[in-house]
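Heads up: the structure comes next, in C-alpha cells.
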Amino acid sequence: MSLRNRGKENAAEPAPAGANVVAAQTGAQVKKAESTVQKFTRRLIFGSLLFGAFWLIVYAGATYITLLVILLQYLVFRELVNVRYARYTAEKRRGSVMPDGGIPKPMMHPEMPLFRTLQYGWFVAAMVNTYGEFLSAFANEHSSAAWLLKPLHYHHAVAFFLVSVLLVLSILTLRPESIRYQIGHLVWTMLALLLTVGQMMKAAYMVHEACFFFFFPAWLVINNDCWAYLWGMLFGKKIVKRPFLLLSPNKTWEGFIGAFISTVIVAFYSSSYFSQFSWMACPSTDLTAQFHPVSTCEIPEVFVEGDVVIPDWLAACTGGLLQDTMVLKPIQVHAIAFAVFASSVAPFGGFLASAIKRANHVKDFDSVIPGHGGFTDRMDCQMVMSIFVWVYYVSFMSAYTSPADKMMEEWGRLPVADQTDVFRRISQAIAS
C-alpha cells in the first residue's frame with residue numbers, strides 16, 4: 001500500500017470514543033467560560049451605568065435623593081407583588097388543565113377578589129403615614145418648611161382612615177374555601193411592607209441630615225458585594241470546603257471573610273475622602289427642587305479632622321493598626337461600624353431575597369436591569385442597611401439633647417410674635 005493510500009485510510013478511521021468525550025467536555029468548558037465572561041461583562045457595564053446614575057442623583061441634592069428612595073420603594077414593592085401574583089395565576093392555570101379523563105382538576109386557589117388592589121392600597125397607606133411623619137418633623141425643625149405644618153396636621157387622620165378602609169375590605173374579601181391562602185397572602189403583604197417601607201422609613205431623615213449618610217452605606221454594600229465575588233472567585237472552597245449557606249450554594253466562607261476585611265479597609269479610608277465635600281456633609285435645611293443647591297454650613301464635627309480617642313476594644317481588634325489617639329476624622333471610626341454591619345448583617349437581606357425567589361421558583365425578581373435582574377435584586381441589602389444607619393446615628397452619633405435645650409431650639413424657630421407670647425406665659429407661670 002502506498003503512503004498516500006495509507007494516509008487516506010488513516011484519515012477515514014473514526015476517532016477513539018475517549019477523544020470524542022474529551023473534545024465534547026472541552027467544548028462545553030469553553031462555552032461555559034465564554035458565557036461567564038459575557039455575563040460578567042454585561043453585569044459590569046450596566047453596574048457602572050447604575051452607579052453613575054446613582055452618583056448623579058446624590059450630587060443633585062437631598063430632594064432628588066428622597067424622590068429616588070420613594071421610586072425605589074415602589075419598584076421593589078411592585079416586584080414583590082408581581083412575584084406572588086405570577087405564582088398565583090400559574091397555580092390557577094395548572095388547576096384548569098384538562099387531564100386525560102376530561103374532568104378538570106380542582107383549582108389550587110379559588111378566585112381572590114382585589115388580589116393586587118389591596119396590596120397597593122396598604123402600600124399607599126404606609127407611605128402616607130411614613131412621609132407625613134417625615135415632613136411634619138422636618139417642618140418643625142426648619143422654619144423654611146413651617147408652612148407645611150397646617151396641611152400636615154391631619155395626615156395621621158388620613159393614614160388611619162386608609163388603614164381602616166383597607167382592613168374592612170381585606171376581611172370582606174375572605175372566602176371560607178380559600179381563607180388559609182388569603183391569610184397567608186395578607187401576611188405576605190405585611191412582609192413586603194416591612195421590607196420596603198419599614199426598613200426605609202428613616203431614609204428621608206438621614207438624607208436631609210447629610211447626603212453622606214445615604215451614599216456612604218450604599219457604597220459599602222456595593223463594595224462588599226464586589227469583594228465577595230472577587231475573593232470567592234479566587235479562593236472559594238479552597239480553604240473551607242463547607243458551604244457558607246445552603247440557600248445560596250455559590251456563597252463561600254472565603255468570599256464572606258475576604259469581603260468583610262476589604263470592606264472595613266475601604267470604609268476607613270474612603271469615608272475621609274467623601275466627607276471632604278461640603279455638599280455631602282452639610283445638612284439640608286430646605287425642601288428645594290434646585291439641582292445641586294449650594295451648601296453653606298459649618299461642617300459638623302464628625303466630618304472634621306482632629307484628635308480622636310480610639311476605644312481600647314477597637315484598637316485591640318485591629319491588632320495595633322489603630323492607636324489609642326489618632327489624628328483623623330471621627331467619621332472614619334464610625335465608618336468601621338458601618339462596614340462591619342454592611343459585611344456581616346446586610347448580606348442576610350440578600351439571603352432572605354434568595355429564599356423568597358427560591359420559594360416562588362424564580363431566578364430574579366425581574367429582568368429590567370440586564371445582568372442584575374430586578375430592583376429588589378439590587379436593593380435587598382441596601383434596605384436593611386438604611387434602617388441600621390438611622391439607629392446607629394441616633395444612638396452613637398447624635399448628641400443627647402435635654403428637654404430644656406429642645407424647648408429653646410423650638411422657641412428659636414417661632415415667629416417673633418409667638419416668641420413674645422411664650423415668654424409672657426412663662427413669666428406669668430413663674431410669677432404665680
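Can you give the FRET efficiency for ALA431 and CYS297, using 1/(1 + (r/R0)^6), R0 = 56 Å, r = Cβ-Cβ distance, to the nearest 0.05?
Numbers: r = 40 Å, r/R0 = 0.72.
Efficiency computed from Cβ-Cβ geometry: 0.90.
With a cut-off of at most 11 other beta carbons within 10 Å, and DSSP calling the residue loop, which GluC sites (Glu not before Pro) in segment 262-358 qualify? Please list them.
Values: sites: GLU298, GLU301, GLU305; in loops: GLU298, GLU305.
Sites meeting the loop and neighbour criteria: GLU298.
So what's segment 214-285 giving for Cα Rg divided by 2.2 N^0.38 Å, two decimals?
Working: Rg = 15.7 Å, N = 72, 2.2 N^0.38 = 11.2 Å.
My calculation over the Cα atoms of segment 214-285 gives 1.40.
Around CYS297, under 14 Å between beta carbons, what's the net of Lys plus Arg minus Asp minus Glu among the other residues? Each step should come with its number before you reach the end.
Details: positive: none; negative: GLU209, ASP286, GLU298, GLU301.
Net charge in that neighbourhood comes out at -4.
Treat segment 230-351 as a sphere of radius equal to its Kirkwood radius over Cα pairs and apply Stokes-Einstein at 4 °C in a medium of 1.567 mPa s; give the translational diffusion coefficient in µm²/s, rounded to a whole number. Don't skip to the answer; put the middle values down first.
On the way: Rh = 17.0 Å.
The diffusion coefficient I find is 76 µm²/s.
Would you mind checking segment 332-373 for residues with the amide N under 20 Å from a putative spin-label position 7 Å along Cα→C-beta of MET397?
Within reach of a label on MET397: 332-347.
Excluding HIS156 itself, what net charge comes from residues whose Cβ is under 15 Å from its Cβ, given Lys and Arg +1 and Asp and Glu -1?
Working: positive: LYS150; negative: GLU133.
Summing Lys and Arg as +1 and Asp and Glu as -1 gives 0.
Give me PHE396, PHE214 sorted ascending by neighbouring Cβ count inside 10 Å, so fewest comes first. The partial results should precede the final answer.
Working: PHE396 9, PHE214 27.
Final ranking by Cβ density, sparse to dense: PHE396, PHE214.
Out of the chymotrypsin sites (Phe, Trp or Tyr not before Pro) in segment 288-340, which ones are loop residues according to DSSP with at most 11 other C-beta atoms within 10 Å? Mind dumping the intermediate values first?
Working: sites: PHE291, PHE303, TRP313, PHE338; in loops: PHE291.
Passing sites in segment 288-340 are PHE291.
When Rg is the radius of gyration of the Cα atoms in segment 286-360 and Rh is its Kirkwood radius, what does Rg/Rh come to?
Details: Rg = 19.1 Å, Rh = 16.0 Å.
Radius of gyration relative to Kirkwood radius: 1.19.
Read-outs: derived from the displayed coordinates by stated rules, not from any lab. It should be emphasised that the depicted structure is a prediction, and the values quoted were computed from it without experimental measurement. Don't worry about glycine lacking a Cβ; one is built from the backbone with ideal geometry, like all the others, and counts go over all protein chains shown.
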